[in-house]
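Here is the structure we will look at, set down as structure tokens.
The values are calculated or read from the model by the stated rules, or taken from the named source; none is laboratory data. Note that the structure is a prediction, hence the values are computed from the model and not measured. For accessibility, only protein heavy atoms count, side chains too; no ligands or nucleic acids. Shrake-Rupley method; radii C 1.70, N 1.55, O 1.52, S 1.80 Å.
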Amino acid sequence: MYAQMIKTAGTGVKSPEEMTEEERRFQARVDANEKIEPKDWMPEDYRKTLIRQIGQHAHSEIVGQLPEGNWITRAPTLERKAILLAKVQDEAGHGLYLYCAAETLGVSRDELTEQLLSGKMKYSSIFNYPTLTWADMGAVGWLVDGAAIMNQVPLQRTSFGPYSRAMIRICKEESFHQRQGYDIMMKMAQGTPAQKKMAQDALNRFWYPSLMMFGPSDKDSVHSAQSMAWKIKMNTNDELRQKFVDQTVPQAEYLGLTVPDEHLKWNEERGHYDFSEPDWSEFYDVLKGNGPCNTDRLNARREAWEEGQWVRDAMLAHARKKAAAKVAAE
Ligand code: BYC
């Protein structure tokens, strides 16, 4: 019990003694790796945390189409165009699986979208950076999808059933996304000096924003302790960031590119790379809406939402007509 008190002290996580009987039973199911399903009893804060995380994740997939969608018409070959188009479509699909998972918690997709557009809900900071050259398509696939996989593979084991099942499907597609990005980087890095320079420039611009995708450092992460106790999150932000750096540095070396961090160094004792932290003031500034593309991204989503209103209205009218006809026939 003393150990438990030490573990939970100051983290906001309730110790077993502080839990109600229902909460204790719930925690025991989570600890036993049982999946929690939508109709099962769950603490209200567990439900709210899931809606926040899954909703934010869904919005990231949808907003995440914009920086790459920007390059579909300018892909250098028909093959690259077809691949990029398929990838961007996959992201739309991921958003839809995730909105469906969130809906099982009692929140509608319309409500989630309204919260995104009003600024109440977030999407990943990474999508507030511009994609300036074709090499950025390589960097996004390699680094952004690479970071996403690092975060999402453990989430396949997350405690909430619909989220876990969505993750299993999404991860299969993400690994193809990462490979297509690395393939673009490889072509560019082995191309002309100008192409190699573009690849290096893309790595320079996307390295730190990719590290920020994992969230603030553990000491500043407000939700990690409770989310990990509930197995909504399986690892801390710093654990995943370290794994990502360890995996990605040899890949950059293979490409003959340089990670833009003068303090990057293999630490034999730790068995990990030492690396520089991102500029966290930039991260919080982007979260506040001051990134290079925040306004553009939200405007694009707002426009799509408003232009789609007639489709939603027509579908509702059709559904009402069908329901009325069914009642009349009974
Ligand atoms: N960006 O307590 P913390 C993709 C917020 S899409 C923005 O550590 P948590 C792809 C956080 O929400 C992949 N905000 O939070 C798509 C919290 O603020 P609130 C997207 C961030 O939730 C298209 C505050 O900072 N993946 O792969 O425990 C094309 C404190 O943070 C960020 C997911 O969404 C950020 N980067 O941990 C290509 C994965 N980081 O909400 C690719 C699922 C933190 O209290 N999500 N914040 O106002 C997660 O695993 C977790 O939510 C996070 C954050 C690790 C992101």
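May I ask for the Rg/Rh ratio of region 21-170, computed from Cα atoms with Rh as the Kirkwood radius, given to two decimals?
On the way: Rg = 17.3 Å, Rh = 16.7 Å.
That ratio equals 1.04.
Using a Gaussian network model on the chain with a 10 Å cutoff between Cα atoms, which of N299, N235, N151 fluctuates the most?
Among N299, N235, N151, the largest GNM mean-square fluctuation belongs to N299.
Given the DSSP H assignment, sum -39500 (n - 2.57) over each helix run of at least 4 residues in the chain and divide by its residue total; what's the result at 222 nm in deg cm²/dmol, nearest 500?
Working: 15 runs with 209 residues, N = 330.
That calculation yields -20500 deg cm²/dmol at 222 nm.
Can you divide the C-alpha Rg of region 36-78 by 2.2 N^0.38 Å and report the result to two decimal places? Write down the numbers at each step before the final one.
Details: Rg = 17.5 Å, N = 43, 2.2 N^0.38 = 9.2 Å.
Output field value: 1.91.
Heavy atoms only, probe 1.4 Å: what % of the accessible area of region 199-330 goes to carbon and sulfur, would you let me know?
Working: 4300 of 7790 Å².
Heavy-atom surface of region 199-330 belonging to carbon and sulfur, 1.4 Å probe: 55 percent.
Starting at 0 and stepping by 10 Å, how many percent of the alpha carbon pairs of region 93-236 end up in each bin?
Reading upward from the zero bin: 11, 32, 36, 16, 4, 0.
Need the list of aspartates and glutamates near K321 for cross-linking: C-alpha distance under 17 angstrom, and skip anything on the same chain fewer than eight residues off.
Within the straight-line cut-off, K321 pairs with D313, E330.
Rounded to a whole number of µm²/s, how large is the Stokes-Einstein D of region 147-221 at 10 °C and 1.306 mPa s, given Rh as the Kirkwood radius over C-alpha pairs? Working shown, then result.
Working: Rh = 14.5 Å.
In µm²/s, the coefficient rounds to 110.
Can you tell me the accessible area per residue over region 197-330, all protein chains present, probe 1.4 angstrom, in square angstrom?
Details: 8010 Å² over 134 residues.
Per-residue value: 60 Å².
Which value, in Å² and to the nearest 10, is the accessible area of W41 when all protein chains are kept and the probe is 1.4 Å?
110
Kindly report the accessible area of region 1-120 per residue (heavy atoms of protein chains, probe 1.4 Å, no ligands, DNA or RNA), in Å².
Numbers: 6500 Å² over 120 residues.
Per-residue accessible area for region 1-120 comes out at 54 Å².
Remind me, relative contact order of the chain in percent, using alpha carbon pairs under 8 angstrom and six or more residues apart?
Working: 354 pairs, mean separation 59.4, N = 330.
In percent, rounded to a whole number, it is 18.
Normalised by the residues of region 150-305, what does the relative contact order come to in percent, with Cα pairs under 8 Å and at least six apart?
The value is 21 percent.
Pick from E173, E44, E34: which residue has the top mean-square fluctuation in a GNM of the chain where Cα pairs under 10 Å get a spring?
With Cα springs under 10 Å in the chain, the top fluctuation among E173, E44, E34 is at E44.
Distance cut-off 22 Å, Cα to Cα: go down the list K219/K243; K39/K231; K14/K233; K231/K265 and report the pairs above it. Kindly include the intermediate steps, with their values, before the conclusion.
Working: K219/K243 18 Å; K39/K231 18 Å; K14/K233 17 Å; K231/K265 32 Å.
The pairs that break the limit, which is 22 Å between Cα atoms, are K231/K265.
If the limit is 27 Å between Cα atoms, which of K172/K288; K48/K288; K87/K187; K120/K172 go over it? Please list the in-between numbers first.
On the way: K172/K288 32 Å; K48/K288 21 Å; K87/K187 18 Å; K120/K172 31 Å.
Distance filter (> 27 Å) returns K172/K288; K120/K172.
Under a 10 Å cutoff between Cα atoms, tell me which one of Y46, Y182, Y163 has the largest fluctuation in the Gaussian network model of the chain.
Looking only at Y46, Y182, Y163, the biggest GNM fluctuation is shown by Y46.
Can you pull the percent of region 26-121's accessible area that's carbon plus sulfur, 1.4 Å probe, other chains left in place? Before the final figure, lay out each step's value.
Values: 2420 of 4510 Å².
Carbon and sulfur together cover 54 percent of it.
By what distance, in whole Å, do the Cα atoms of region 182-330 stretch along each of the three principal axes, largest value first?
76, 47, 31
Cα-Cα pairs above 12 Å in region 179-232: how many percent?
Above the 12 Å cut-off, region 179-232 has 73 percent of its Cα pairs.
Stretch K172-V222 to full length: gain in nm at 0.36 nm per residue minus the Cα-Cα span? Don't skip to the end; give the middle numbers.
Details: separation 50, 0.36 × 50 = 18.00 nm, distance 2.99 nm.
Length gained, K172 through V222: 15.0 nm.
For the chain, what is the convex hull (Cα atoms) projected area averaged across all directions, in square nanometres?
On the way: hull surface 85.3 nm².
Reported value for the Cα convex hull: 21.3 nm².
If contacts are Cα pairs under 8 angstrom and at least 6 residues apart, what is the relative contact order of region 113-228 in percent? Before the final figure, lay out each step's value.
On the way: 104 pairs, mean separation 38.7, N = 116.
Dividing the mean separation by the residue count of region 113-228 yields 33 percent.
Just reorder R165, R320, R312, R241 by solvent-accessible area, largest first, 1.4 Å probe, all chains present.
Numbers: R165 125, R320 155, R312 55, R241 5 Å².
Result of the area sort, largest leading: R320, R165, R312, R241.
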